[in-house]
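See below for the structure under consideration.
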Amino acid sequence: MRKYRFLPSALAALFPFIATPAVSADKALTVYTYESFIAEWGPGPKIEAAFEAECGCDLKWVGVADGVALLNRLKLEGDKAEAGIVLGLDTNLVAEARATGLFEAHGLDTSAVQIPGGFSDDVFIPYDYGHFAVIYDSEAIGTPPASLKELVEGDPEQKIVIQDPRTSTPGLGLLLWMKSVYGEDAAQAWQKLSKRVLTVTPGWSEAYGLFTSGEAPMVLSYTTSPAYHMVAEETNRYQAAEFSEGHYLQIEVAGLLANAPDKELARQFLGFMMTPGFQNEIPTNNWMMPAAPVTMDLPEAFSKLVSPETTFLYSPEEVAENRAAWIEEWLGAMSR
Amino acid sequence: MLTRAEHRTSRVAGIAALLCVGLALAAPLAVLLSHGGGTGVSSSQGDYLLRITRFTLLQAGLSTLLSLLFAVPLARALARRPVFPGRRWLISLFAVPLGLPPLVAALGLIEIWGRNGIANKGLGLLGAETPFSIYGLSGILIAHVFFNLPLAIRLILPALERLPPEYWKTAANLGMGGLSLFRLVEWPAMRRSAAGAAGLVFMLCATSFTLVLVLGGGPAATTLEVAIYQALRFDFDPGRAVLLSLIQVGLTLVVMLALKLISAPTEAGDTKGGASNRPDVSGGVHAVPDAMLIGLGGVFVGAPMAAVLVSGLNADMSRLLGDALFWRAATTSLLIGLAAASLSVMLASLLVRARYSADARPGSAMMGLLAGLSSAAGSLTLLVPPVVLGAGWFLMLGGGTGQLLAPLAVITLVNALMALPFVMRVMEPAHQGTMERNGRLSMSLGLVGLNRLWQIDMPAMLPALATGFVFAVALSLGDLGAIALFGSDRIVTLPWLLYQKLGSYRTSDAAGLALLLGGLTMGLMILADRLGNRNGSGLR
């Protein structure tokens, strides 16, 4: 790429609508992440400003569609990736990410990180987390299901939209949640639930779009989803149903690439990630729970969110080992 | 009709275009295959594959059948009514679904056909107790007909309109009834376009992904495209993704060949172009059924779009339009669309001419191959999933960090290839007609080579060129971009922005963007139709 260096700037001169990279400082760090993290309204731009003030460097984001795409991009690029940090994998992808051999131990003190159930790893550091939850429309449902069992066995005319575990992270989350609660009987439970399932969408956006357009009164999402509606839209209409068995956890992590051009700077970023300068931007920009202490007052809405007493989480290795078989089981039960 | 030198040039240029298309398709597949070791397919997967292949063929077959079943009578009715208020608008409107991202269209369809949709509310008023559910095969079929009925009409209608007025006058003088008119005049005229449209619709439905999953109601409705996506994205098994793509290509080719059998070339004769008056229907026997048919078709296609419009109008438009990011995305999308459309129209022109030239020498195996490959190029490109092409190209270019030109070029190339089948289908009949109408005259005038291309063929084909070009732009505008899945550093397109908004709870912003996207497509279509008509009439 070096020899074509003039091209981006020439192109940028021709097409000013394409954003040009910020003025270069002496040091630079590239972070791979998912697109919504660095959207105008996401936490990325604010975190960039805060970190650049601290490090006197240039922080560059590269965004792909989502966590899965992030891992794929790494696999495609191999050790040619120019990034120092990959931010945005979830625990279900960690085992595969580790197996690429592209990551290196962070060697940092992670005692600031607090995750329900605990999570500690020598390669990946959590930066936020969220519990999966069934979100319901309180204008359409008076009493929401109080447990996963009630969801499975409830009125088939009261529908839920879920995501496909073959193509989406929340879809896989529900699959693991059902497996955690039902174990060997998961297939029968899925068969029962399938009568309540309006449709299975390829990703979160489609499902949530169907839900907010009023097509179904329930959708699989996160416990934090109501916070967005309460804070940004000032409505209490959409709420999370608390399930007595407990909720499945999603943890988002970042890791250091072994081929990072400036490892010291990359480690500095990982350290910064565990401080309020980073964490303060998570709740109301990424709509997830911060993984380390914040120094801001969370909006009142956050105190109204469901906070599960029991948390389910399979280890990354268990997921990697069983995913294919469990998806096959799901397909069999749902296709009947 | 071409001179010997023109034939030679056409064939050489056609072979060059074929090489470009072939390379653009084969290279990424080869790179992907060599990257990931193919894991093969286990026996349980074999059953799964068999099941989804069956479902893919079933839903695509039914969708095609339904689309064509309605498109043929609708195109006839529209051809019979060359003048009525709003006709141009309606025909321009028919191009809009093409430019809508599938998810946007799905949400629009649900406003009409969903559990809480207008249709169910109407039935509720009539006393129906439980709402009918479209989720399942019926939902997939409704969605596919919504997308493809208007497309098929737009492809078939010009074939009828190209018939010279004398045909209709003679038919009127002979007192031909509807049935014999259809059998002797209309069907022979539209057979080729209808078969071409059927092939295209089948391919589009066979490779449908978002619509099938969202409206299919569960994993029983899974197409091969879903398995390809899963193989490449979630399992990261490029070998399997390529294998599945090849199965998809092979199966669909069989269907295309079958369609080919019924689409024997037709005599285009001396054609006029543009809608002609129809003395054979001046009696007005068909007036009521025609109006009803056109009205129903218009409502079926228009209602979901109206739903998109209504939810779009609820968005905070002034804020959306004041957003610099929106303008950046719109400019990028338009520039990519224009570049992709130019490339696509260029490739299509070369391929169409090469095919014509090769067809002119039947019996030669080489020429048969050239003709076959040229028409296959107009089909194959749709069957290789853009996500596979994008991944392969990404790998070939060695990643995308910091690069701007490479990903832009890949998006443009993939979009141009995607549009090729549409553009070729629009241009092929027009080219055929031009050759038969002006060929002999040009030769007797000694007008050959570039002069002829510039002065005779190009102006005569302008309406088709304009339509093909705008089809390609519209398609490109609605495409999320294969590259999006693997990272497109600083490139933001309109659909990308739309999905970004949808992915972060901003549903109403997304609805506003969908409206702008649909409006843009509609505007371009109207422009192309006006441009085509004006130049077409200027010639005569």
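Here are the numbers:
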read-out: Built amide H within the under 5 Å cut-off of A:D66, gap 5+; value: A:E35
read-out: Calculated FRET value between B:M292 and B:T130, using beta carbons and R₀ = 35 Å, to 0.05; value: 0.75
read-out: Candidate lysines for bridging to B:K169, where Cα separation is under 20 Å - those fewer than 8 sequence places away on the same chain excluded; value: B:K272
read-out: Total charge dipole magnitude, segment B:41-313, about the Cα centre, Cβ charges on Lys, Arg, Asp, Glu only, Debye to nearest 20; value: 440
read-out: Separation between Cα centres of segment B:191-256 and segment A:291-315, rounded to whole Å; value: 42
read-out: Full-stretch length increase - A:K304, A:D122 - with 0.36 nm per residue and alpha-carbon distance subtracted; value: 62.1 nm
read-out: Residues of type aspartates and glutamates that B:K260 reaches as a straight line, Cα spacing below 13 Å, ignoring anything fewer than 8 places off in the same chain; value: none
read-out: Environment charge at B:S180 (Cβ cut-off 12 Å; Lys +1, Arg +1, Asp -1, Glu -1); value: -1
read-out: Sum of -39500 (n - 2.57) over DSSP H runs of 4+, divided by residues of the protein assembly as shown (222 nm, nearest 500); value: -20000 deg cm²/dmol
read-out: Cβ-derived FRET efficiency at R0 30 Å, A:E328 paired with A:E157, nearest 0.05; value: 0.55
read-out: Of A:K46/B:K501; A:K60/B:K501; A:K149/B:K121, pairs whose Cα-Cα distance is over 28 Å; value: A:K149/B:K121
read-out: Rounded to the nearest 20 debye, dipole of chain A from Cβ charges on Lys, Arg, Asp, Glu; value: 840
read-out: 20 Å binning of all Cα-Cα separations within chain A, expressed as whole percents from 0 upward; value: 30, 55, 15, 0
read-out: Burial ordering of B:C205, B:C20, fewest other beta-carbon atoms within 10 Å first; value: B:C20, B:C205
read-out: Where N is the number of residues in segment B:41-313, Cα Rg divided by 2.2 N^0.38 Å; value: 1.13
read-out: Chain A, relative contact order in percent, only Cα pairs under 8 angstrom and at least six apart counted; value: 25
read-out: Residue order, fewest to most surrounding Cβ atoms within 10 angstrom, among A:L270, B:L502, B:L450, B:L184; value: B:L450, B:L184, A:L270, B:L502
read-out: Listed residues B:G519, B:A430, B:A466: farthest to the positive end of the dipole of chain B (Cβ charges); value: B:A430
read-out: B:L325 paired with A:E150, simple spin-label distance in nm, labels 7 Å along Cα-to-beta-carbon; value: 3.8
read-out: Rounded FRET efficiency, nearest 0.05, which uses the C-beta distance separating B:V83 from A:E139 and R0 of 41 Å; value: 0.25
read-out: Around A:A266: net Lys/Arg minus Asp/Glu count, Cβ-Cβ under 13 Å; value: 0
read-out: Chain B - Debye-derived log10 I(q)/I(0), Cα point model, q = 0.11 Å⁻¹; value: -1.02
read-out: Per-residue Cβ neighbour rank within 10 angstrom, fewest leading, B:I526, A:I47; value: B:I526, A:I47
read-out: Debye equation applied to the C-alpha atoms of the protein assembly as shown, log10 I(q)/I(0) at 0.06, 0.10 Å⁻¹; value: -0.42, -1.12
read-out: Total charge dipole magnitude, the protein assembly as shown, about the Cα centre, Cβ charges on Lys, Arg, Asp, Glu only, Debye to nearest 20; value: 4940
read-out: Cysteines in the protein assembly as shown lacking a second Cys C-beta under 4.7 Å; value: B:C20, B:C205
read-out: Sequence-distant aspartates and glutamates (8 or more away, or on other chains) whose Cα lies within less than 18 Å of A:K159; value: A:D137, A:E139, A:E150, A:E206, A:E215, A:E242, B:E111, B:E129
read-out: Antiparallel %, DSSP beta bridges [both residues in the protein assembly as shown], to 5; value: 60
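Values in this text are rule-based calculations from the coordinates and carry no lab data. Bear in mind that the values here come from a model prediction, so they are computed numbers and not experimental data. Glycine gets a Cβ as well: all are built from the backbone with ideal geometry, and neighbour counts include every protein chain shown.
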